[in-house]
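Dumping the structure here so I can ask a few things about it.
Readers should treat all values here as calculations from the given coordinates under stated rules, not as data from a laboratory. Here the structure is a predicted model, which means the values were calculated and not measured. Here the Cβ positions follow ideal geometry from the backbone for every residue, glycine too, while neighbour counts run over all protein chains shown.
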Amino acid sequence: MPHTTNLFLLPSENQEQQDFLSGRRLVFVMCAVFALYLLTYLAMWPQAPILAGDSKGYMAMARDLSGGLPHQSTIRTPGYPLWLLWLGSAYTPTKSLFVAGLLTHFLVVCMLMSILRHFNLPTMIVLISAVLLLLPPYVQSAALVMTENLTEFALMSAAWLLFWALKQNHWFSSGIAGVAIAAAALVRPTYQFLWVAFALSVCLASLLSGAGKRQVKSNLAMLGITLLLVLAMLGAYSGYNQKRFGFFGLTYALGVNLCDKTALFVDALPESYEPLRSSLIRQRDASLLHGKSHTAEQYPWDHWEELKTDLNQNDLALAKKLARANAELIARNPLSYLLSVAKAAVSLLFPYVTRAVGGQSAMAQAAWSGLHFVVIGVFLVQLILVFGVELWTQSLRGIGAAAERCETAYLWRLAYLLSLAIVAYTIVVSALTDSGNPRYRSPTDPLLVMNAALGIGLWWQRMRAIRTNCGENSKILAQPTVNKTKR
């Protein structure tokens, strides 16, 4: 019988870990690391939590929510304001907000480690991934009064819960994963369709692993529960907005955000949109000349009150009108829009280093930026290599050759595709609908690191398998042969 090599040769979950991080020792080490991590950042950033550009808007909504449901229409969603309200930071950011941010980030690292250790990756890969995420550039969002830290926790929780729900056929975990996805959308509306990316990932993992009909049906049932919770939560809030403020959805910001995509060709807007057209051109030009970045990025927000005055409209009416105008601009100028999307997609991969990390030191900012480019480079390289292995595996299966069909390969693909789905979804949706601000990508950085670690782990196991097989073959060739001839 010919010997076949499993391209996804990962030790089974029952294989005993041969590293020092196991059992009670692991719990003790993690508690010690958390204490050191907490004390270090409390001492390093005594000014935290730090107010940023949108902080006051979130705090204002938190105060509005102190009486129950929102009473005023706003582009903000209630997820992060509720977090501020719960931590007593609706009026002034408290130290408890910073501590809670540090705790949620550490829990993200713990969830990442649990998935990596499930596949018995080399201890060094797990440790490097964990230590990397405990460095200042990846912790900085905990020090800012912004949504990135809570979004990061919701995204990792959703992926982690869905992975274990599908592995163990655990209905309750599948439902909680739906709550986590809905929470991510209520913190940042970008993720209101994340469930679509998750569903595609699960189906693709099943398809590529040759899963049977029974497993596929079980996975779809789990996804159905997740989707039910997502739609129930987001639908309830959207219905409230429709009844109270006259729009169905989580926010009406899309029309305003699309102005970033059309800023350079807003002059092509038909004259039938006057006086909106003239007002947009005037505010765009003012932002190009006198704005902070001289790129007209987010120029409607910088001149929002002027736009409302020019058109004599309230926030919601103006946002709806901008949505219609931008839709027509994009339809009339598709190539200009795609060029804007491409630029934004590239910009999203750039470093996100704030003064909380680099301070005024150009050397520190350069060092952390260099580290980020190394991580992005490793992520992209392993992505290409893993796709190459996958194409090879599927080509073997297509010609009827031996290819792996094991639970470990399915679970590995599931974890890999779930983490990749969140990173890709964030970049695609942000590039299509908003500016290419690297801040929007930063909540996915732990999942990007996890994806890279899984890819590197695959190649480490693959190389080990090849060396093992080569060693066995050389032993066979080295054995003496005896020729028996008949006399």
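So if R0 is 56 Å, what FRET efficiency would Lys292 and Phe387 give, r being the distance between their Cβ atoms, rounded to the nearest 0.05?
Details: r = 40 Å, r/R0 = 0.71.
It comes to 0.90.
Related question: Once the piece of chain linking Trp460 and Ala331 is laid out straight, how much longer is it, given 0.36 nm per residue of separation minus the C-alpha distance between them? Don't jump to the answer; show the numbers that get you there.
Working: separation 129, 0.36 × 129 = 46.44 nm, distance 4.75 nm.
Using 0.36 nm per residue and subtracting the Cα-Cα distance, I get 41.7 nm.
Please order Glu274, Glu390 by the number of other Cβ within 10 Å, starting at the fewest.
Numbers: Glu274 10, Glu390 16.
In increasing order of surrounding Cβ atoms, one gets Glu274, Glu390.
Moving on to the next point. Restricting things to Cα coordinates, could you compute the convex hull volume per residue of the chain in Å³?
On the way: hull volume 95.2 nm³, N = 487.
Cα convex hull per residue, to the nearest whole number: 195 Å³.
Still on this structure: Order of 141-153, 343-355 by packing, highest average Cβ count within 10 Å first?
Final packing ranking: 141-153, 343-355.
Here's something else I'd like to know. Give me, ordered by chain and number, the residues 5 or more places off Ile50 or on other chains with an amide H under 5 Å from its own placed amide H.
Residues meeting the criterion, in which the H sits 1.01 Å from N, are Leu144, Val145.
Pop the C-beta distance of Leu349 and Ser66 into the FRET formula with R0 = 35 Å and round what comes out to the nearest 0.05. Write down the numbers at each step before the final one.
Values: r = 39 Å, r/R0 = 1.12.
Computed FRET efficiency for Leu349 and Ser66: 0.35.
Residue-wise, which Karplus ³J(HN,Hα) couplings in Hz belong to segment 339-346, taking 6.51 cos²θ - 1.76 cosθ + 1.60, θ = phi - 60°, and x for glycine or proline?
Result, ordered by residue: 5, 5, 5, 4, 4, 5, 4, 5 Hz.
What does the charge add up to near Ser129, with Lys and Arg as +1, Asp and Glu as -1, over the other residues with Cβ less than 13 Å from its Cβ?
0
List His294, His372, His170 from most exposed to least, where exposure is judged by having the fewest other Cβ atoms within 10 Å.
Working: His294 10, His372 20, His170 15.
In order of increasing Cβ crowding within 10 Å: His294, His170, His372.
For Leu127 and Thr94, what does the FRET efficiency come to when R0 = 25 Å and r is the distance between their Cβ atoms, rounded to the nearest 0.05?
The calculated FRET efficiency here is 0.15.
Quick check: residue separation of Lys213 and Leu51 times 0.36 nm, minus the Cα distance between them. What number comes out in nm?
Extra length from Lys213 to Leu51 when fully extended: 53.1 nm.
Okay, next question. Between Glu271 and Ala367, what is the label-point separation in nm under the 7 Å Cα-to-beta-carbon projection?
Label at Ala367, label at Glu271, 6.1 nm between them.
Considering only the other residues whose Cβ falls under 12 Å of the Cβ of Ser419, what net charge follows from Lys and Arg at +1 and Asp and Glu at -1? Before the final figure, lay out the partial values.
On the way: positive: Arg413; negative: Asp445.
It works out to a net charge of 0.
Rounded to the nearest 20 debye, what is the charge dipole size of segment 274-335 about its Cα centre when +1 sits on each Lys and Arg Cβ and -1 on each Asp and Glu Cβ?
Taking the Cα centre of segment 274-335 as origin, the dipole is about 220 debye.
Sticking with this structure for a sec: At 7 Å along Cα-to-Cβ for each site, give me the label-to-label distance between Leu338 and Val29 in nm.
That separation, rounded to one decimal, is 5.0 nm.
Under the rule of -39500 (n - 2.57) per DSSP H run of 4 or more residues, summed and divided by the residues of the chain, what mean residue ellipticity at 222 nm is obtained, to the nearest 500 deg cm²/dmol?
Rounded to the nearest 500, the figure is -23000 deg cm²/dmol.
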